[in-house]
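The following block contains the structure, expressed as structure tokens.
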């Protein structure tokens, strides 16, 4: 049996059974509301600065604190991914310094990053 804590659903692995049982939530899987101070422990970007940048968009009028946290976390994850890919790129050249051309070559090689082409010019 596989237990998925998010939904508290128990799914049978038997091929012919196909049974799905909904289990009662356990204490371990219960959703707890986190305070904004707890969310800040997981971030390296300042939430106030992220919120200020989000407010620069004229289409945005109200920004919830959860939205600011999610945008900040997604930004951190994106920067981390780009940094790791670029680090792998320079490891092949046996250099220790990350240059702009390294980031440009990673952006050119990965199709999902094509929106960044020309942004560093």
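Just so you know, all these numbers are worked out from the coordinates, no wet-lab data involved. Keep in mind that what you see is a predicted model, and the values were worked out from it rather than measured. Reconstructed Cβ throughout: ideal geometry from the backbone, glycine too, with neighbour counts over all protein chains shown.
Find how much the distance from residue 82 to residue 96 grows on full extension, using 0.36 nm per residue of separation minus their present alpha carbon separation; answer in nm with one decimal.
This chain segment gains 3.4 nm when fully extended.
Something else now. At 7 Å along Cα-to-Cβ for each site, give me the label-to-label distance between residue 105 and residue 120 in nm.
The answer from the label model is 1.1 nm.
Packing-wise, with mean Cβ within 10 Å as the measure, how do 43-49, 88-94, 115-121, 99-105 rank, highest first?
99-105, 43-49, 88-94, 115-121
Still on this model: How large is the convex hull of the C-alpha atoms of region 34-116 per residue, in Å³? Walk me through the numbers on the way to the answer.
On the way: hull volume 10.4 nm³, N = 83.
That works out to 126 Å³ per residue.
Follow-up. For residue 61 and residue 49 in one chain, what is 0.36 nm times their gap in residues minus the Cα-Cα distance, to one decimal in nm?
2.7 nm is the gain from fully extending residue 61 to residue 49.
Rounded, prolate or oblate: which fits region 60-106 when a ≥ b ≥ c are the square roots of the eigenvalues of the alpha-carbon gyration tensor, with rounded for a/c under 1.5 and prolate only if a/b beats b/c?
Taking the square roots of the gyration eigenvalues as a ≥ b ≥ c, region 60-106 is prolate.
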